Amino acid sequence: MRDAVHLSLAGVSLTLGGRPVIDRIDLAARRGETLVVLGPSGCGKTSLLRLIAGLLAPDAGRITVAGAAPVPGVATAMVFQSYRLLPWKTVRANVAFALPHLGERERSARVDRVLAQVGLGRFADAWPRELSGGMQQRVALARALAPEPELLLMDEPFAALDAQSRELMQAELLRLTGGGAGPTVVFVTHSVDEALVLADRVLLLSPRPARIVEELPVTFPRPRWQHDPREAPGFAELRRHLWDRLRAMVVSDPNSDFYRGGES
Amino acid sequence: MAEDARAVGPRQRASTGAAPLPVAALRLGFLALVLLVWWLAARAAPAGLFASPAAVARALARLLAEGRIWPALGQSLTVYLAGTGAAVVTGIALGALMGMIRPVGQMLDIYVHGLAATPRVAFIPLIIVLLGLGFEAKILIVFLGAVMPIVLNAYAGVRAADPDLVEMARATGAARGRILAHVVLPGALPYLVAGVRIGATIGLINTVVAELYTAVSGLGGLLALYGSRFQMAEYLAVVVVLAAIGVAMTEGLRLAERRMLRWRGSD
């Protein structure tokens with residue numbers, strides 16, 4: 001079961017407003033695997049997640065999640081860069097919003113459990129505006145984990161946090177999803193370090209329209225919230241390799257702010 | 001994680017704590033000024049054309065004690081609340097429908113704006129022809145006045161829904177009805193309350209208009225009766241009752257709004 005293909009994309013392309021965004025992407029993720037999609041800013045990473053979530057339909061190609069076309073809902077959860085909590089609901093009600101399929105008692109027990117898991121049990125009755133950014137994103141993470149999704153999609157979830165909170169949240173995510181029955185994770189980022197800390201495999205995307213230009217297995221030992229992979233041998237090398245590739249793509253992309261028009 | 005505890009607490013409370021007393025004093029002072037001007041005007045006016053505040057107060061006490069005002073008040077409130085209540089329900093439903101389903105909104109919004117700009121009093125003869133002079137006609141006149149601002153505000157509020165939150169809700173598998181109930185309408189609440197407040201004010205105006213133009217009844221009927229008999233103290237007492245209804249309605253809405261929007265904090 002664990003090695004079965006959970007998510008697969010075959011020849012997936014997407015055009016938005018007449019502009020090609022994603023160009024014939026093929027990928028497959030095993031059940032329980034953490035796939036990090038790394039690419040330059042604005043390369044179409046977010047659109048890729050929307051396709052996998054079933055929020056957008058591809059113009060060409062085929063996406064399957066557990067063998068079927070993706071449907072937004074309980075088996076798939078999404079965490080966004082802007083936390084997207086409902087400001088008129090308390091922390092508890094925000095998490096409960098993702099659990100309409102449960103009965104009242106079961107829902108309340110589940111909410112208490114996931115809030116305790118992210119360390120926010122005491123803040124169950126607070127309003128989102130009363131929480132710091134890191135805490136709001138923990139609520140959003142709790143909301144995503146509450147339905148016990150098989151597939152967790154994360155769209156630069158920690159990019160808006162300060163450096164310290166970001167590190168703590170990465171460790172938190174590793175801890176919460178790293179168990180034996182953890183979900184398959186597709187994590188989008190533009191941070192090389194984040195990619196290497198979290199990933200089983202890194203997929204490097206090109207600038208728009210996004211294509212997969214490299215696929216890199218990351219084999220640092222787990223659990224990584226206990227052994228920081230940044231101290232592992234080979235980390236610096238992988239990091240430099242990914243940075244060199246990213247930099248090369250960005251400076252040769254005419255749409256980038258850092259375009260150097262072949263002068264180098 | 002314990003260091004995050006600092007973030008919770010009534011941190012915006014301090015700036016507003018000192019205000020209530022001076023505001024109440026200023027309001028009472030202004031009321032005293034109004035009464036003084038009223039009293040001076042009543043003294044200066046020829047006898048029988050105007051009444052002093054004291055005479056109006058006595059007339060009001062008499063109307064209340066003799067029970068003459070209760071049936072009229074009951075009739076007016078029935079018409080007002082039925083018409084305005086129907087306008088709230090219909091207006092929010094129609095506005096939400098127009099906002100959620102774009103073709104419906106595009107088809108209807110020009111006509112709703114057009115109708116909102118037409119003086120609804122113009123329809124009274126038509127309404128009388130269709131419904132006669134009774135309660136139904138009056139309720140329809142109130143409804144037509146109150147419903148337009150509610151529709152337009154609900155439409156604007158639903159269209160202003162945060163697309164990021166709607167997408168988040170879709171990602172949890174929420175269907176349209178659930179998104180409307182948990183995301184769109186709560187977000188549109190400030191618009192809805194503003195629409196209801198304007199609608200409730202127009203509704204009260206149209207209650208009196210309806211009572212004057214159809215079968216004379218209610219508080220509007222008493223206005224016509226005492227006005228035509230030059231019983232100015234009684235006439236003004238009825239005006240005071242109408243003003244009190246208006247104040248009670250807007251203050252009640254303000255309290256409801258404060259309670260429903262408490263997630264925004266105390267600013």
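The values are calculated or read from the model by the stated rules, or taken from the named source; none is laboratory data. Note that this is a predicted model, so its numbers are computed, not measured. Backbone-built Cβ (ideal geometry, glycine too); neighbour counts: all protein chains shown.
Considering only residues of the stretch A:60-89 that are under 22 Å from A:R143 (Cβ atoms) and of a type in the set (K, R), which is farthest from the other protein chains (Cβ to nearest Cβ)?
A:K89
Going by the conditions given, is A:G42 on the phi > 0 side of the Ramachandran plot, under 20 Å from the mean Cα position of the chain (by Cα), surrounded by fewer than 19 Cβ atoms within 10 Å (Cβ to Cβ) and not in a helix (DSSP H, G or I)?
Judged against the criteria, A:G42 is a match.
Working only within the stretch B:180-197, note down all residues that are more than 14 Å from chain A (Cβ to nearest Cβ) and either closer than 20 Å to A:H101 by Cα or surrounded by fewer than 21 Cβ atoms within 10 Å (Cβ to Cβ) (or both).
Matches in the stretch B:180-197: B:A194, B:R197.
Considering every residue within the stretch B:88-105, establish whether at least one is buried (at least 19 other Cβ atoms within 10 Å of the Cβ), within 14 Å of another protein chain (Cβ to nearest Cβ) and either touching a residue at least 40 places away in the same chain (Cβ under 8 Å) or under 22 Å from A:L85 (Cβ atoms) (or both).
No, the conditions are met nowhere in the stretch B:88-105.
Here is a list: A:A140, A:A181. Which entry is touching a residue at least 40 places away in the same chain (Cβ under 8 Å), under 19 Å from A:V74 (Cα atoms) and over 16 Å from the mean Cα position of the chain (by Cα)?
Residue meeting the stated conditions: A:A181.
Say we look at the stretch A:214-223 and pick out the residues that are charged (D, E, K, R) and at pLDDT 85 or above; which of these is nearest to A:R175 (Cα to Cα)?
Checked the stretch A:214-223; the qualifying residue nearest to A:R175 (Cα to Cα) is A:E215.
Which residue, of A:A126, A:A142, is crowded, with 16+ Cβ neighbours inside 10 Å, within 20 Å of B:V166 (Cα to Cα) and either among the small types (G, A, S) or away from chain B (no Cβ under 13 Å) (or both)?
A:A142
Any residue in the stretch A:103-116 that is under 24 Å from A:S82 (Cβ atoms), part of a loop (DSSP other than H, G, I, E, B), in contact (Cβ under 8 Å) with a residue 24 or more places away in the chain and not small (G, A, S)?
no
Within the stretch B:210-225, is there a residue that is within 14 Å of another protein chain (Cβ to nearest Cβ), surrounded by 23 or more Cβ atoms within 10 Å (Cβ to Cβ), in contact (Cβ under 8 Å) with a residue 12 or more places away in the chain and more than 30 Å from A:L51 (Cα to Cα)?
no
Taking A:M169 as meeting all but one of (1) more than 14 Å from chain B (Cβ to nearest Cβ); (2) of a type outside the set (F, W, Y); (3) touching a Lys or Arg at 6+ places or on another chain (Cβ under 8 Å), write down the number of the exception.
(1) is the only condition that A:M169 fails.
Of everything in the stretch B:158-179 that's touching a residue at least 40 places away in the same chain (Cβ under 8 Å) and away from chain A (no Cβ under 13 Å), which residue is surrounded by the most Cβ atoms within 10 Å (Cβ to Cβ)?
B:V158
Here's the yes/no breakdown for (1) among the hydrophobic types (A, V, I, L, M, F, W, C); (2) within 21 Å of the chain's Cα centre (by Cα); (3) over 30 Å from B:L261 (Cβ atoms); (4) part of a loop (DSSP other than H, G, I, E, B):
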position	(1), (2), (3), (4)
A:H6	no, yes, yes, no
A:A10	yes, yes, yes, no
A:R50	no, yes, yes, no
A:L85	yes, yes, no, yes
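So which residues in the stretch A:35-57 are in contact with a helix residue (DSSP H, G or I) (Cβ under 6 Å, 6 or more places away or on another chain) and either of a type in the set (S, T, Y) or closer than 22 Å to A:D257 by Cβ (or both), if there are any at all?
If the condition is that a residue be in contact with a helix residue (DSSP H, G or I) (Cβ under 6 Å, 6 or more places away or on another chain) and either of a type in the set (S, T, Y) or closer than 22 Å to A:D257 by Cβ (or both), then A:V37, A:L38, A:G39, A:P40 are the ones that fit.
Can A:L35 be described as aliphatic (A, V, I, L, M), closer than 26 Å to A:S165 by Cβ and not in a strand (DSSP E or B)?
Criteria not met by A:L35.
Need pairs with beta-carbon distance below 8 Å; first residue surrounded by 11 or more Cβ atoms within 10 Å (Cβ to Cβ) and within the stretch B:110-121, second hydroxyl-bearing (S, T, Y); sequence gap 6+ or separate chains.
Once the first residue is surrounded by 11 or more Cβ atoms within 10 Å (Cβ to Cβ) and sits in the stretch B:110-121, its partners that are hydroxyl-bearing (S, T, Y) give B:V112/B:Y155; B:V121/B:Y213.
When the stretch B:112-136 is examined, which residues are found to be among the aliphatic types (A, V, I, L, M) and either over 20 Å from the mean Cα position of the chain (by Cα) or within 16 Å of B:A93 (Cβ to Cβ) (or both)?
Those that are among the aliphatic types (A, V, I, L, M) and either over 20 Å from the mean Cα position of the chain (by Cα) or within 16 Å of B:A93 (Cβ to Cβ) (or both): B:V112, B:A122, B:I124, B:L126, B:I127, B:I128, B:V129, B:L130, B:L131, B:L133.
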